[in-house]
Number of protein chains: 4
Amino acid sequence: MSSNTFGKLFAVTTFGESHGPAIGCVIDGCPPGIAIAPEDFAHDLARRATGKSRYTSQRREADEVEILSGVYEGRTTGTPIALVIRNTDARSKDYAGIADTFRPGHADYTYWQKYGIRDPRGGGRASARETTMRVAAAVIAKKWLKDRFGIEVHGWLAQLGGIRPDLPAEAAIDFAVVESNPFFWPVAAQVPELEHYINALRKAGDSVGARVNVVATGVPPGWGEPVYGKLDAELASALMSINAVKGVEIGAGFASVAQNGSEHRDEMRLDGFTSNHAGGILGGISSGQEVTASIALKPASSILIPGRSVNLAGEEVEVRTRGRHDPCVGIRATPIAEAMVALVLMDQALRHRAQCGDVAEARPRLPASAR
Amino acid sequence: MSSNTFGKLFAVTTFGESHGPAIGCVIDGCPPGIAIAPEDFAHDLARRATGKSRYTSQRREADEVEILSGVYEGRTTGTPIALVIRNTDARSKDYAGIADTFRPGHADYTYWQKYGIRDPRGGGRASARETTMRVAAAVIAKKWLKDRFGIEVHGWLAQLGGIRPDLPAEAAIDFAVVESNPFFWPVAAQVPELEHYINALRKAGDSVGARVNVVATGVPPGWGEPVYGKLDAELASALMSINAVKGVEIGAGFASVAQNGSEHRDEMRLDGFTSNHAGGILGGISSGQEVTASIALKPASSILIPGRSVNLAGEEVEVRTRGRHDPCVGIRATPIAEAMVALVLMDQALRHRAQCGDVAEARPRLPASAR
Amino acid sequence: MSSNTFGKLFAVTTFGESHGPAIGCVIDGCPPGIAIAPEDFAHDLARRATGKSRYTSQRREADEVEILSGVYEGRTTGTPIALVIRNTDARSKDYAGIADTFRPGHADYTYWQKYGIRDPRGGGRASARETTMRVAAAVIAKKWLKDRFGIEVHGWLAQLGGIRPDLPAEAAIDFAVVESNPFFWPVAAQVPELEHYINALRKAGDSVGARVNVVATGVPPGWGEPVYGKLDAELASALMSINAVKGVEIGAGFASVAQNGSEHRDEMRLDGFTSNHAGGILGGISSGQEVTASIALKPASSILIPGRSVNLAGEEVEVRTRGRHDPCVGIRATPIAEAMVALVLMDQALRHRAQCGDVAEARPRLPASAR
Amino acid sequence: MSSNTFGKLFAVTTFGESHGPAIGCVIDGCPPGIAIAPEDFAHDLARRATGKSRYTSQRREADEVEILSGVYEGRTTGTPIALVIRNTDARSKDYAGIADTFRPGHADYTYWQKYGIRDPRGGGRASARETTMRVAAAVIAKKWLKDRFGIEVHGWLAQLGGIRPDLPAEAAIDFAVVESNPFFWPVAAQVPELEHYINALRKAGDSVGARVNVVATGVPPGWGEPVYGKLDAELASALMSINAVKGVEIGAGFASVAQNGSEHRDEMRLDGFTSNHAGGILGGISSGQEVTASIALKPASSILIPGRSVNLAGEEVEVRTRGRHDPCVGIRATPIAEAMVALVLMDQALRHRAQCGDVAEARPRLPASAR
């Protein structure tokens, strides 16, 4: 119920402000017996880390995860797993000047309207720093999903401002390429163009939006709960809850608007579905195909170009962001989007098991291979 | 927690299959003292009704709401409100032939994979008939939101296949026009074109997708709960849970991808925000501006053009839908989308009041007028 | 979350007032494939029915259950099961005189304080009529628990006013005897004494309290969720939520206060536990022993002896209950208490399966036989 | 939903094992603006602390609370409040010998049955150490309840083994006396007798049960949610979830069984209720009277007298507890029981405000003074 908790059965509660002593999370409902060590979190946290490259924010966080509970002799015990990361590089002074000013495009004004009080340091709770713990929690989910079902969740940058991957429409994504460049971009040859584009943006003191795609492979049919716990509805909520996200698509998404039914409906043969406009979900339940989603991220509002705003004193002011910020927050949203998809799948897996029994009761399936 | 319940505090639990004895809902947590009579539901249910015009499905339902509980002497008592509508026009014979066949693009295959059993009559629980109760429940929410805050929620068809409203980008919508035609279309002059288009589709036995926009005016700043209960995240979930929806946008949506930060961020002056790319939500909390959302609806899969599929016996078959169906399910999704937005706002209003107190504690606000 | 919903995964939402058109419930999260017919509810509803004997209230309800959804061709489909019972014998006139008066010992005053409005007919939502649907919903739970695990839940009257069963402390209960008399009393020879006692009470226009015991046999070890979802904590909540209940004990209950640890702790041998002071629950998790609970029910406040009270006009008044009432509401609480225990077990069974997998993963157990 | 979270709107999630690195909690949904400092927790934590006197366990914990989030410049911000206490005095070696043995009366066997793995150090998650965080979280709740409504929650030891306070039945409790002795006992003259009794128990290597009473004064009428969220039902769950609790009573509790209705029902006069057998709750909603509860705590199973049990290898063994333990765990349960009552009231206060509006809408009330 609480709004800082994600998931019904695999329930992740996060806490922490950008410049407070620490951020962390508590994972409740985790299956027992999963092997987990502090170092397991390093890979995905590094992928999300802001200091990863000069194309994202320059803030550097050690992001060392301490496991406070729920793991005994290297295995989850079924009790709550608490993870904590100390905030080591929080230069609060950078933000002192804006404590009384509502930055345009930020949550400053709305937090103040809601609570009458806000922590202005680095955006406080509204900072994307919170997403670190989503990625950390999803490490455990990804592990269980992979070990038990062979499920993998992969994201990539599918648009950066006006630039799209130079790929045919239905081309398979090479994730080795995606992981080999700081943009999570699927076409290696375009990386220099992206570098040039981001450098120009940084010089101009501006930012740009992005589109991130995520695909989950290996999801068995039958996951998802009609009617308000539909798999796609929960993916939409999970992805829209990521900072800066303004749109979510499942499968064909907005392209469906101009499609005819004879084109959109995915026909079935004994060797599998003949297409996947549905994004692997029908009636809110997984079909056994790849689950696909796409999100739109707005351009960061923290830019060097001055903006007009108001302050607590009721005056009109000009705001110019200082501190360390991203020309494109969408880039590092890639592992965050993966994390949210993994958390949704993990939760739905447990919910399906609760109502319908374990995998052993599964029914004969169409092969997933024919997409 | 239960997946057929929507909302945390204004909790709407729906039940019923397309061709079962009845559909209904239970509304728990409703504030006491709201004046409600059975006839209050008629207007919005008629807007949603499938038999409204020849441009949507020919099934005719009386859709007469019976109030079974929670209302005493015409006012809500604070106890659960049960609403029931009998299914009076359910011709199950139309669906007899497809009990063992998985129709492409439908939830037949996925329900069977999940549960091992399904009610094939009219799609059973997966039928859009369920949305009738969303609309009914939202009648109460709309009333409270309007009476207490002056909030109004309006939807319109923003695209039908490839046809868009012939309107300038930022033009105000005339809802008198929207309500005057069976397409919820904001430009009266285009209605004949739409009629022609839908008639041609029907003749071809095909269907098409649509886009529906919704705007909520009068929403006070401060509603929405970070971080997983964000107003936009809950709108995304609510709207994606509507049958056939494949995409959700808040504010500028996917157009944000190609925007620069200097363009996207909505600046603030003492007379209000200067733009509304955010869709009235910052950091998951309402800003006092109009809350705007847009959804993509896929073309209905129930079409007369035969489709290839498989059956329970493991054979490849050809499926040709019979019975009564919509060439464009998106049209009647308009009041359903309004309903989901209203339910989200109602629930968030109560949650905000719980944590932060009643309206009396509100802080000074920017005027909403300057968009 | 909603307060008229019981259970997290097997979620039962009840609705309806004592003298409204109907009472009902929606069961969400039910496993698919359970065989259920309308007549399955008759036995337990008859056991609970108020008109069962002249020793309980004279109101007669047909209590015919209509299944509105969630069952197809006699089996649960996994979608919400809606059950409705029409109120056919609601003589509202009996209650007209007390609409403005707060009856002592009833919820009249508190409902009015909470909501500012109340349905005075027969106690409205506060009536024990609501418990009919708990019993109905539990019929499905009992069936699944019995079929899948061999679990049985049995209750009996363990005290009526000052009268206790004439049985040795640890004597086994003969449920054939319990079911053979209208008091659910385990000693047939005492039934005439009870009849005499209740008749005298009725003549005096007074009422008396009761104690009901419930035992669940066959519960496997491992059910229950620490720390706030403990099996005993949820039993306590479930049982205390029954009208008129003022106390709940698990196992030795209040007798534990005067026990020494060397006496209370249940030792273990390879042939099982040597005693069961714990009531089959340790650390909130079932031990595989019998799960035992006991509840105290207050004497009904609806009695013919006039009582002093106040009214809406702020005057002191004298209240004398009319209409049909029970000299001892505790008698018919027996099947209701069974129902709540069954609902708790059902919910915990699904929750255990979600987190820890299906029964196949169970570990070697001590035999339950040695108590 | 998650089982380590208490409360629906004031949601407290606890984590941590007895001998892990730390214990902690996350409080979500807290109203903004409450003044809180780390030292505010000291008083109640000291009352609960095990090393308080030689009459309870000798384990000494600094119990220094660190606030990791949710408080800015000394005030709650409305975002999640994370509290952490490091475990500084965890001598795990004491428990090494029992890793493979199921101690009788403990959760060893049931945790293993549930999860297949358990942290044996000090009882792991099943340790009463977890209750530290309940007390810490309740400090914030008590503060808000006191500041806003004048509510106070007080507990006392009402029975220790066979010893009862030497007080008349309806005597007022002097809480200055209760707080002046290490037994929370309301009669100073009996303290030497208690000391003698506990010393004898310690010498005998045995333990004994206890009864703790709690009263909340100042609770306004109207709190509590029928039918499954009743105030008494939630108190029952909250109190039964405390380690070692085997019984819960509200108001007259089990004494109700032998009462007549004419005696039990609390009559009303314009100067208030004439008695309080109901414990301040009617129909699950507070009446404005004192809310009273009583709990039974079993004798600790960790005693020096050897007990028979079994081990993981399937052998019968003899268990003799070593380490530091309480002859009567019930003594320090007093502040824990207060904490749980405060948490229930806090949560219900927010839930009432959500549905029915703020205190301003309250209705005329009977005075609480006449009990």
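The values are calculated or read from the model by the stated rules, or taken from the named source; none is laboratory data. Quantities reported herein were computed from a predicted structural model and do not represent experimental measurements. A quick note on method: Cβ atoms are made from the backbone with ideal geometry, for glycine too, and the neighbour counts reach across all protein chains shown.
Just one of the numbered conditions (1) modelled with pLDDT under 95; (2) touching a Phe, Trp or Tyr at 6+ places or on another chain (Cβ under 7 Å) is not true of C:Ser241: (1). Of the strands (runs of 3 or more DSSP E) lying entirely inside the range C:1-120, those carrying at least 2 residues that are of a type in the set (Ser, Thr, Tyr), under 21 Å from the mean Cα position of the chain (by Cα) and at pLDDT 95 or above are C:11-16. Run down D:Gly155, D:Gly209 and say which single residue is among the small types (Gly, Ala, Ser) and over 30 Å from D:Gly307 (Cβ atoms). The match here is D:Gly155.
Quick one: how many residues across the range C:145-188 are more than 18 Å from C:Gly330 (Cα to Cα), β-branched (Val, Ile, Thr) and in contact (Cβ under 8 Å) with a residue 60 or more places away in the chain? Looking only at that region, the number is 1.
Residues that are charged (D, E, K, R) and over 24 Å from C:Gly261 (Cα atoms): does the range D:149-161 have at least one? Checked against the condition, which is being charged (D, E, K, R) and over 24 Å from C:Gly261 (Cα atoms), the range D:149-161 yields at least one hit.
Looking at the structure I just gave you, is A:Leu194 within 12 Å of another protein chain (Cβ to nearest Cβ) and either touching a residue at least 24 places away in the same chain (Cβ under 8 Å) or under 20 Å from A:Ile250 (Cβ atoms) (or both)? It is false that A:Leu194 is within 12 Å of another protein chain (Cβ to nearest Cβ) and either touching a residue at least 24 places away in the same chain (Cβ under 8 Å) or under 20 Å from A:Ile250 (Cβ atoms) (or both).
Among residues of the range A:133-144 that are within 15 Å of A:Arg48 (Cβ to Cβ), those with a Cβ under 8 angstrom from a residue that is assigned to a helix (DSSP H, G or I) and of a type in the set (Val, Ile, Thr), sequence gap 6+ or separate chain, pair up as A:Arg134/A:Ile336; A:Val135/A:Ile336.
A:Arg322 meets all of the listed conditions (1) outside any loop (DSSP other than H, G, I, E, B); (2) more than 12 Å from chain B (Cβ to nearest Cβ) but one, namely (1). Residues in the range D:308-334 that are surrounded by fewer than 23 Cβ atoms within 10 Å (Cβ to Cβ) and touching a residue at least 40 places away in the same chain (Cβ under 8 Å): D:Arg308, D:Val310, D:Asn311, D:Leu312, D:Ala313, D:Val317, D:Arg322, D:Gly323, D:Arg324, D:His325. Quick check: anything in the range D:160-169 of a type outside the set (Gly, Ala, Ser), surrounded by 22 or more Cβ atoms within 10 Å (Cβ to Cβ), over 29 Å from C:Thr5 (Cα atoms) and within 14 Å of chain C (Cβ to nearest Cβ)? Yes, some residue in the range D:160-169 is of a type outside the set (Gly, Ala, Ser), surrounded by 22 or more Cβ atoms within 10 Å (Cβ to Cβ), over 29 Å from C:Thr5 (Cα atoms) and within 14 Å of chain C (Cβ to nearest Cβ). For the range C:211-240, a residue qualifies if it is within 11 Å of C:Val344 (Cβ to Cβ), more than 7 Å from chain D (Cβ to nearest Cβ) and not aromatic (Phe, Trp, Tyr), and the qualifying residues are C:Val214, C:Ala216, C:Val219, C:Gly224, C:Leu231, C:Leu235, C:Ala238, C:Leu239.
Any residue at all in the range B:19-29 that's of a type outside the set (Asp, Glu), surrounded by fewer than 24 Cβ atoms within 10 Å (Cβ to Cβ) and either free of Cβ contacts under 8 Å to residues at least 40 places away in the same chain or farther than 14 Å from B:Ile67 by Cα (or both)? Yes: the range B:19-29 contains one or more residues that are of a type outside the set (Asp, Glu), surrounded by fewer than 24 Cβ atoms within 10 Å (Cβ to Cβ) and either free of Cβ contacts under 8 Å to residues at least 40 places away in the same chain or farther than 14 Å from B:Ile67 by Cα (or both).
If you check A:Glu234, A:Glu263, A:Glu249 for being acidic (Asp, Glu) and without any contact (Cβ under 8 Å) to a residue 24 or more places away in the chain, only one passes: A:Glu263. Of all the numbered requirements in (1) modelled with pLDDT of 95 or more; (2) more than 10 Å from every other protein chain (Cβ to nearest Cβ); (3) touching a strand residue (DSSP E or B) at 6+ places or on another chain (Cβ under 8 Å), C:Trp144 misses one, and that requirement is (3).
Within the group D:Leu157, D:Leu167, which residue is closer than 24 Å to D:Ala46 by Cα and either in a helix (DSSP H, G or I) or of a type outside the set (Val, Ile, Thr) (or both)? Spell out how you get there, then give the answer.
Working: D:Leu167 fails: closer than 24 Å to D:Ala46 by Cα.
Going through D:Leu157, D:Leu167 in turn, just one is closer than 24 Å to D:Ala46 by Cα and either in a helix (DSSP H, G or I) or of a type outside the set (Val, Ile, Thr) (or both): D:Leu157.
Considering the range C:100-138, and only residues there that are among the small types (Gly, Ala, Ser) and facing another protein chain (nearest Cβ under 9 Å), the residue that is surrounded by the fewest Cβ atoms within 10 Å (Cβ to Cβ) turns out to be C:Gly116.
Table: residues versus (1) among the small types (Gly, Ala, Ser); (2) without any contact (Cβ under 8 Å) to a residue 40 or more places away in the chain; (3) at positive phi.
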| residue | (1), (2), (3) |
| --- | --- |
| C:Gly222 | yes, no, yes |
| C:Ile242 | no, no, no |
| C:Gln259 | no, yes, no |
| C:Met268 | no, no, no |
